[in-house]
Amino acid sequence: IISFIIIGVILYVLLLIISNGTFQFQTMLTVISIFSVGWVLGYIVPGAPGGMGIRETVLIILLGNIFPTYVVVGVLLFRLITVGGDVLALGFSNMIRIKKLEDAQNVKLNN
């Protein structure tokens, strides 16, 4: 739940920046809810590898009434941001894995 809230807030702030909108708490809650629905649908829809495109379609359709002009650009930028986060997480996990392998090799050599 916390990750949905954080990621939903990031999406809302991104849409606010793009649209030069003003902060509204109720709208933020709506965006968080729509993001959560889009994520769940992307997770459970069969035939879409990793929910690819499902979340974005749901976001564009449901957020189109709130941010009509900027929703497509915002959702595409949001996708780039999430892919960038995934790439960073992969890099960090590989660095940790390599460090653990090096440590295991050093222990083996010292024994």
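Summary table
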read-out	value
Structure-based [θ]222 nm, the chain - -39500 (n - 2.57) summed over DSSP H runs of at least 4, per residue, nearest 500	-27500 deg cm²/dmol
Relative contact order (%) - the chain, alpha-carbon pairs under 8 angstrom, separation at least six	22
Cα-based convex hull, the range 1-103, per residue volume (Å³, whole number)	118
Dipole moment magnitude, nearest 20 debye, the chain about Cα centre, only Lys, Arg, Asp, Glu C-beta charged	220
Cβ-Cβ FRET estimate between LYS108 and ILE1, R0 fixed at 41 Å, reported to 0.05	0.45
Charge dipole (the chain, unit charges on Cβ, about Cα centre) - positive-most of PHE25, LEU76, ILE60	LEU76
Over the range 36-81: Kirkwood hydrodynamic radius from C-alpha pairwise inverse distances, Å	10.7
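No lab work stands behind these numbers, since they all come straight from the coordinates. Just so it is clear, the structure is predicted and the values come from calculations on it, not from any experiment. All Cβ positions, even for glycine, are placed from backbone atoms using ideal geometry, and neighbour counts span all protein chains on display.
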